[in-house]
């Protein structure tokens, strides 16, 4: 079982001929509404990959809430633990250019009221994989990590957006997932020397004492921890929109690990799913079902073992 604690948003996705520069207005042909938020994205990706998934978070009492929950409900995610707030539902403005690159601004809204107490003790145990990010209050995330760790849950932290988390909580996490920007921030925050991706991820894993997964976009991902190191490439695709691809990676990796697979297989599957998520506009609407990911596994070489 996967429990996701985190953000739930409604995304406004603008297709533009170019990403705006400071002070610039860029006219586009269309705007799409799509459910989003890193927490909801990762829960949707995990559920579409076949995992029994529970979402915990907050939405407002406004008309955006139903739209924001739509993707979760369609994917079969249990949303009974999502609470309503007097604050507005979280909302993101996503600008996408013809190359699939994006700029994102987020209004946190009700996500700022998400609380660890919403997660019942019965949901935390050795058969639970807890997935958290940094779009809910850091203090509440740290409390939940502590409770889950005490009960033997596997904990996956996507340190995105890069922001400070209590050191005790950070070191209680089994797996930390970061992109290159987040990895550089995390290294600087802990006095770790910068380096090439392979070197940096090893330094982070050694300093934190957990498994660190560094996602590298079109270059794939590297994972180091528990005495092993793996690297996987990226599915060769022509991206339409990269929004939420990292969340697809995290959700599908969590689903694979929750089924009992090893890190190498989980990395491979997650990288294929993340590539497929770049082929449609928006985040959750682009996430592949289990069978669709299965059908493309042969198009990407398996993860390769790196020297320890």
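We did not get these values from a lab; they are worked out from the coordinates using the rules stated. No experiment lies behind these values; they were computed from the predicted model shown. When we count neighbours, we look across all protein chains shown, and the Cβ atoms used for this are built from the backbone with ideal geometry, even at glycine.
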On a C-alpha basis, how far is the centre of the stretch 2-44 from the centre of the stretch 55-122 in Å? Whole number, if you could?
12
Helix-only [θ] at 222 nm, the chain, -39500 (n - 2.57) per DSSP H run of 4+, per residue, nearest 500, equals -9500 deg cm²/dmol
Order these peptides, 165-178, 291-304, by their mean beta-carbon neighbour count within 10 angstrom, highest first.
165-178, 291-304
Using Stokes-Einstein with the Kirkwood hydrodynamic radius over Cα pairs, what translational diffusion coefficient do you get for the stretch 203-308 at 20 °C and a viscosity of 1.002 mPa s, in µm²/s rounded to a whole number?
156
By DSSP, what percent of the beta bridges with both residues in the chain are antiparallel, rounded to the nearest 5?
45
The stretch 1-142: percent of C-alpha pairs farther apart than 19 Å?
51
Sorting check: for 68-81, 98-111, 11-24, which peptide has the highest mean count of neighbouring beta carbons within 10 Å, and how do the rest follow?
68-81, 98-111, 11-24
Could you give log10 I(q)/I(0) at q = 0.15, 0.26 Å⁻¹ for the stretch 94-151, computed by the Debye formula over C-alpha point scatterers of equal weight, without solvent?
-0.58, -1.05
Take peptides 216-223, 89-96 and line them up by average Cβ neighbours within 10 Å, highest first, as a rough protection proxy.
89-96, 216-223
Under the Debye formula (equal points on every Cα, no solvent term), log10 I(q)/I(0) of the stretch 33-75 at q = 0.14, 0.16, 0.28, 0.33 Å⁻¹:
-0.29, -0.37, -1.03, -1.29
For the stretch 135-261, what is the Kirkwood hydrodynamic radius in Å, using each pair of distinct C-alpha atoms?
15.1
How are the Cα pair distances of the chain distributed, in percent, across 20 Å bins from 0?
36, 60, 4
Find the relative contact order for the chain and round it to a whole percent, using C-alpha pairs within less than 8 Å whose residues are 6+ positions apart.
18
